[in-house]
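Structure first, commentary second.
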Amino acid sequence: MKTIHQETLGVGKPIILVHGWGMHTGIWRAFAHQLAASYCVTCIDLPGHGKSEKLDDFTLETISATLVDAVPDQPYCWLGWSLGASVVLEIARRYPERCSALILLAGNPHFVQTDHWPGVRLNALNAFADSLRADAEMTLTRFLSLQINGLPGFKTTSKILKSAVTECDAPDTATLNQGLSILKETDLRQVLAQLTLPVLAILGDGDTLVPPAVGHEMQKLLPTLDLNILDQAGHVPFLSHPEQVINIIAGFMDKQ
């Protein structure tokens, strides 16, 4: 079994936070402490990220199996941010008995834009892949800054993001590239459409990576989806709008 780093705070209904591409549990720290006032919150490092042991084969199948093996055998509400949203959708598909609910935070079941689906342009993700070979840390910082550029509170949120990036060494290039491959190649729309458990989606109306139109398309696939689009929020609403995000989560969890 791989060594997977996790930090657990608070008591109450269990929620597991799964971070996005290139990040680690440090990105959640302030938000997790606020959320833990009402819930038992576990922040978990993806394999090869933060303090978790890497996987040679970093795929949704191996990631989901590794995370499920790393936590006690019980149902959880899995909250996934960005790439983490793809991970928790895969966990729900493969291990439905381990899921009580899903929260998709700035997530897209089909990350890449097509003629009929909103998302990020494929050439933008390819450009990040090219940049990784030159400077992984600079590429991560640039990737994160794009997620909040031009939005209120940019300077404050940017400092938090940069501090989180430098708190741990960046994942190795192979892991980062495999993470980008997941974003570029994965299509989980039918997985979302077939879910029978409660699902909450929280998006930002200024998100350049996961445009808010994604939410309405997801609702067409899953009419029971609880959709919330935050005003003047980007790709990291848990940093820019933590109180609003927590209030939305609390309303969702109270129904479970």
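For the reader, a short list of remarks on this structure follows.
- Extents of the stretch 6-254, largest first, come to 45, 38, 35 Å (Cα atoms, principal axes, whole angstrom).
- Neighbour cut-off at most 11 other Cβ (10 Å), DSSP loop, trypsin sites (Lys or Arg not before Pro), the stretch 183-256: Lys255
- Sparse-neighbourhood loop sites, trypsin sites (Lys or Arg not before Pro) in the stretch 73-130 - DSSP loop, at most 16 other Cβ within 10 angstrom: Arg121
- Across the stretch 132-256, counting alpha-carbon atoms alone, Rg and Dmax equal 16.3, 48 Å.
- Phi angles across the stretch 156-163 convert, under the Karplus curve 6.51 cos²θ - 1.76 cosθ + 1.60 with θ = phi - 60°, into 3J(HN,Hα) values of 5, 5, 4, 5, 5, 4, 5, 5 Hz, Gly and Pro given as x.
- Taking packing as the residue-averaged number of other Cβ atoms within 10 angstrom, the listed peptides 197-205, 156-164 run from highest to lowest as 197-205, 156-164.
- For the stretch 1-59 versus the stretch 224-256, the gap between their alpha-carbon centres in whole angstrom: 18 Å
- Rg and Dmax of the stretch 195-256, Cα atoms only, in Å: 11.6, 31
- q = 0.18, 0.19, 0.22 Å⁻¹, the stretch 1-145: log10 I(q)/I(0) [Debye, one scatterer per Cα]: -1.11, -1.21, -1.49
- Length available on full extension from Leu221 to Gln256: 0.36 nm per residue minus the Cα-Cα distance, which gives 10.5 nm.
Each reported figure results from applying straightforward, stated rules to the coordinates on display, with no laboratory input. Values in this document were obtained by computation on a predicted structure and should not be read as measured data. Reconstructed Cβ throughout: ideal geometry from the backbone, glycine too, with neighbour counts over all protein chains shown.
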